[in-house]
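Here, each number is a calculation from the coordinates, and none is a lab measurement. Quick caveat: nothing in here was measured; it's all calculated off a predicted structure. Virtual Cβ from ideal backbone geometry, glycine too; neighbours counted across all protein chains shown.
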Amino acid sequence: MNRKTIIDSIIVILTFLIAFYGKRILSEYYTISISSAYLKIAYSYLWWILPTALIAGLLFGFSSILYNIGIQKGLKTGLLFSIVTVLPMFLSSAIIGQVGEDLNILRLVQQTIFAGLMEEYLFRGFLFGILFRKSGWGFIPASILGALIFGLGHIYQGSTFLETTGVFFITSIGGIWFAWLYIEWNNNLWVPIFLHILMNISWGLFEVSNNALGGFYTNLFRIITITLTIIITIKYNQKNGLRINSKNLIINDNNR
């Protein structure tokens, strides 16, 4: 890494921390009253979008923001891939679960569509993606950094030590998996975005688990979904080889 990439890395990480924790820190000192549930959601995610988009634009050009985040193209590919691979989870959830009687549509949309879209944007598109693709970080350090924070952001789902540890482990591994898919599908963030959204919907629409750990059958079909994504991704890259390899695990000199 040269001096510029080191400075860029520090700026990206600090910006991520401001985006992710800024609203919580501000609320400790100043209370903002917002009555509309829709405006509350918009306010929360603006904390994620505005600083990250600004820094991505200032560092690498505003005309390249969508490209550098990974959402310039590939929406249809991401949607089709995700529908095919998440189908086992949908079918199993529909069979062993049931639609909640007190289903709240706004909460469901927030916890599935908005959460999947924005978490992938912030964790994979901005933090991992910029560090790996633009700042010379290898896949291992870049993905683990985001995965650890991603896991910590979900430990509220655990009610015991073992449950909390399990949630942290599952979501952290999931973060690395999403990062791998993002790069292997030609830097297409829509792949993990739609996977994240549809997996969330399969659990949120049908009452199958109270947290990310799940039970035996939910995890069985989750493993089937993960296995399908890996097999299809390897087949997709069979001709040219996997993009994540020994040459960019620790340091990535081939910035894209």
- Taking the Cα centre of the chain as origin, work out the dipole magnitude from +1 charges on Lys and Arg Cβ and -1 charges on Asp and Glu Cβ, in debye rounded to 20. 920 debye
- Which order results if Ile197, Ile223 are arranged by neighbouring Cβ count within 10 Å, fewest first? Ile223, Ile197
- Using helices alone, what [θ] at 222 nm do you get for the chain, with -39,500 (n - 2.57) per DSSP H run of 4 or more residues, divided over all residues and rounded to the nearest 500? -21500 deg cm²/dmol
- Mind pulling up the Rg/Rh value for the chain? Radius of gyration and Kirkwood radius, both on Cα. 0.96
- Note on the structure: Any helix of the chain counts here only if DSSP assigns it H throughout, its Cα atoms span 24 Å or more along the axis, and its mean Kyte-Doolittle hydropathy is at least 1.0, and such helices are 37-60, 75-96, 161-184, 216-236
- Note on the structure: Protection proxy (average C-beta count within 10 Å per residue), highest first, orders 137-146, 10-19 as 137-146, 10-19
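Lysine pairs, Cα distance under 19 Å, 8 or more residues apart or cross-chain: how many in the chain? Walk me through the numbers before you get to the answer.
Numbers: Lys4/Lys134; Lys23/Lys40; Lys73/Lys134; Lys76/Lys235; Lys134/Lys247; Lys239/Lys247.
Value for the chain: 6.
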- Query: Would you list Arg124, Arg222 from fewest to most Cβ contacts within 10 Å?
  - Reply: Arg222, Arg124
- Note on the structure: Once both label points are put 7 Å beyond Cα along the C-beta direction, the Tyr217-Lys40 separation in nm becomes 3.4 nm
